[in-house]
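Readers should treat all values here as calculations from the given coordinates under stated rules, not as data from a laboratory. Model, not experiment: these values are computed from the prediction. Cβ sites come from the backbone with ideal geometry, for glycine too, and all protein chains shown count toward neighbours.
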Amino acid sequence: MEPQDENTLHRFNLNELQKQAEIPPKFLWPKVDLVGTEGVFDEPLIDLEGFIKGDEIATAKAIQLVRTACTKHGFFQVINHGVDADLIQAVYREINSVFELPFDKKLGFRQKLGGYTGFSSAHADRFSSNLPWKETFSFGYNSNSDVIDYFTSTVGQDFEHVGRVYQKYCEKMRELSLIIMELLALSLGVDRSHYRNFFEDGTSVMRCNNYPPCKNSSVTFGTGPHCDPNSITLVHQDHVGGLEVFTGEKWVAVPPRQDVFAINIGDTFTAFCNGRYRSCVHRAVLNEERVRRSLVYFVNPKEDIVVRPPEDLVAGCSRVYPDFTWASLFDFANNRHRAGLQTLQDFFPWLLSSQSKVPA
């Protein structure tokens, strides 16, 4: 890992690096990962309005679409989700005031090693190669969180209004995530509230992504190919776009729509459903001329929750994954491993090894 001193991190000021003719070698990705885009994601959007209102026909249609998508690739998109368009635009507008701060100021609230909140540039505080061409600003959120206080105490007193906007947005993300959990439960044939109960008190992570233009976009990524280690992820893209999903043995672009939220199934939910649904393999490509932004809400259960599928999904078949807590997977993915395509597979040997070292 790179040292965290400010002199080192200054080498990863993307606003300066984008002015150079060539990007630093640490941002270059292996050719095996630099596979081109071969199409456009064109599966049906899932209309949540009828499901939210309890319409049986609309609910049955939504259940079928979710089941098909999650079995195939772990990705779907929803409309009529109840999040106001003006709020979404306000969130994008307000985050400008954070990303447009001087780099020194942003380093003042940078993400600490082993942490997950604050500012990060290219994740240079964690990794030393295959760096992503992006800046991030992240913070935790649960039903008791005071987002306004986080902004004023971390970024500055002038950011009270920004915190107020993000407080409202996170509240809506929490509401939407619980609706999605109910829909996922029904699509799996288990009690509607089964998964919701695990997530009502969890601490999720709100992350804002800033992808500066990159003249060498063909040799690097905004975010490289990976599966999210958390349960589900709610993503909103700005009008530039760049999200891509791996399905049908090829990469397809997900066109941005301002009235749509994209939903990724993550590794933890894959374990929660005994492997019935796939973790979504996705990436973010860059634009050579335009800044891209995205809003990402990572949904997590409480740290001490034991991740275990319901009996209905185990009856007549074997368990795909052993029990584990979200805290242990988070520790592994955040501090000991780089999230990729095999995080779960790499996690369990480490978990068994660490458990065997605990004194009896």
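Look at where the Cα atoms of the stretch 334-351 and of the stretch 126-198 average out, and the two centres are 23 Å apart.
Principal-axis analysis of the Cα atoms of the chain puts helix 56-72 at an angle of about 60° to the longest axis. Site pair Phe348 and Asp201 shows an inter-label distance of 2.9 nm when each label is modelled 7 Å from Cα along Cα→Cβ. You can think of it this way: the chain between Lys72 and Asn335 has 91.6 nm of extra reach, that is 0.36 nm per residue less the Cα-Cα gap.
May I ask you to work out the translational diffusion coefficient for the stretch 254-360 at 4 °C, viscosity 1.567 mPa s, via Stokes-Einstein with Rh from the Kirkwood sum over Cα pairs, reported in whole µm²/s?
80
The mean sequence distance of close C-alpha pairs (under 8 Å, at least 6 residues apart), as a share of the length of the stretch 115-260, puts its relative contact order at 23 percent. Residues whose amide H comes within less than 5 Å of that of Arg292, counting only those at least five positions distant or on another chain, are Tyr211 (H built at 1.01 Å from N in the peptide plane).
Which trypsin sites (Lys or Arg not before Pro) from the stretch 277-360 combine a DSSP loop assignment with at most 16 other Cβ atoms within 10 Å?
Arg290, Lys302, Arg319, Arg338, Lys357
Per residue, the chain reaches -9500 deg cm²/dmol at 222 nm when only DSSP H runs of four or more residues are counted, each adding -39500 (n - 2.57).
One chain, two ends: Asp149 and Glu56. Fully extended at 0.36 nm per residue, the span grows by 29.3 nm beyond their Cα-Cα distance.
Neighbour counts of C-beta atoms inside 10 Å place Tyr277, Tyr150, Tyr211 in the sequence Tyr150, Tyr277, Tyr211, starting with the fewest. Once the chain from Glu49 to Gln64 is taken as fully extended at 0.36 nm per residue, the excess over their C-alpha distance is 3.9 nm.
For the chain, taking Cα atoms only, Rg and Dmax work out to 20.0, 59 Å respectively. Remark on Phe261: its backbone amide H falls under 5 Å from those of Val78, a criterion applied only to residues 5 or more positions apart or on other chains, H modelled at 1.01 Å from N.
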